[in-house]
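The values are calculated or read from the model by the stated rules, or taken from the named source; none is laboratory data. Values in this document were obtained by computation on a predicted structure and should not be read as measured data. Quick reminder, even Gly has a Cβ in these numbers, built from the backbone with ideal geometry, and neighbours come from all protein chains shown. Just so you know, the surface numbers come from the protein's heavy atoms only, side chains and all, with ligands and any DNA or RNA stripped out. Shrake-Rupley method; radii C 1.70, N 1.55, O 1.52, S 1.80 Å.
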Amino acid sequence: MNKQNGYSLVELMMVLAIIGIIAGVAVPSYQSNVQTSARGSSMNELLDIMRAQENYSANNFSYSSDLRDLNYSNPHIVDGEKYSVAASTCADGSAITSCVLLTATPQNGQTGGPITINSRGEKTKNGSAGWK
């Protein structure tokens, strides 16, 4: 009787099917983790920029809507171009001297809505209060 060397086509197809199932589960999970990580990085960046805004306000008695005054690009791009951060006056019509709003807007395939923080400490994510 002849001894076969190698693998049969059925065995190879089974291996490919198993790899496909594993990839089908692993890739979406990985992408979700990457997006969650980018969101966390943008939140940290918003806090850093808000600290810079507070320092600027202490020295100039006003916040700045131009992030270049704080040594950031305007708009500031975060974490591999996943978020774009910009500064503006608060939504209630307050002057820039009393309130500044920082907004991180998702871009380049990043899901979810904008993340904001203002100088009063109010935070929103996807239009809901808080960063939970």
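What lysines sit close enough to K82 to cross-link, taking a C-alpha to C-alpha distance under 17 Å and skipping anything fewer than 8 places away on the same chain?
Qualifying lysines at Cα under 17 Å: K125.
Report, to the nearest whole %, how much of the accessible area of the range 37-132 belongs to carbon and sulfur atoms, 1.4 Å probe, protein only.
47 percent
Round to the nearest 10 and give me the degree value, 0 to 90, for the angle of helix 9-60's Cα axis relative to the longest principal axis of the chain.
Roughly 10 degrees, rounded to the nearest 10.
How large is the accessible surface per residue of the range 22-132, computed with a 1.4 Å probe and reported in Å² as a whole number?
Per-residue value: 55 Å².
Among the trypsin sites (Lys or Arg not before Pro) in the range 28-120, which ones are in a DSSP loop with at most 13 other Cβ atoms within 10 Å of the Cβ? Mind listing them?
Qualifying residues, ordered by number: R120.
Cα gyration tensor of the range 62-132, axes a ≥ b ≥ c as square roots of the eigenvalues: rounded (a/c below 1.5), prolate (a/b > b/c) or oblate?
oblate
Which aspartates and glutamates have a Cα lying under 17 Å from the Cα of K3, excluding residues fewer than 8 positions away in the same chain?
E11
Rg over Rh of the range 1-114, using C-alpha atoms and the Kirkwood radius, what does it come to?
Here Rg/Rh amounts to 1.41.
What size of dipole, in debye to the nearest 20, comes out for the chain about its Cα centre when the only charges are +1 on Lys and Arg C-beta atoms and -1 on Asp and Glu C-beta atoms?
360 debye
What net charge do the residues around H76 carry, taking every other residue with its C-beta under 13 Å from that of H76, with Lys and Arg at +1 and Asp and Glu at -1?
-4
Which one of T89, Q107, H76 has its Cα pushed farthest toward the positive end of the charge dipole of the chain, where Lys and Arg give +1 and Asp and Glu give -1 at the Cβ?
Going by the charge dipole, the pick is Q107.
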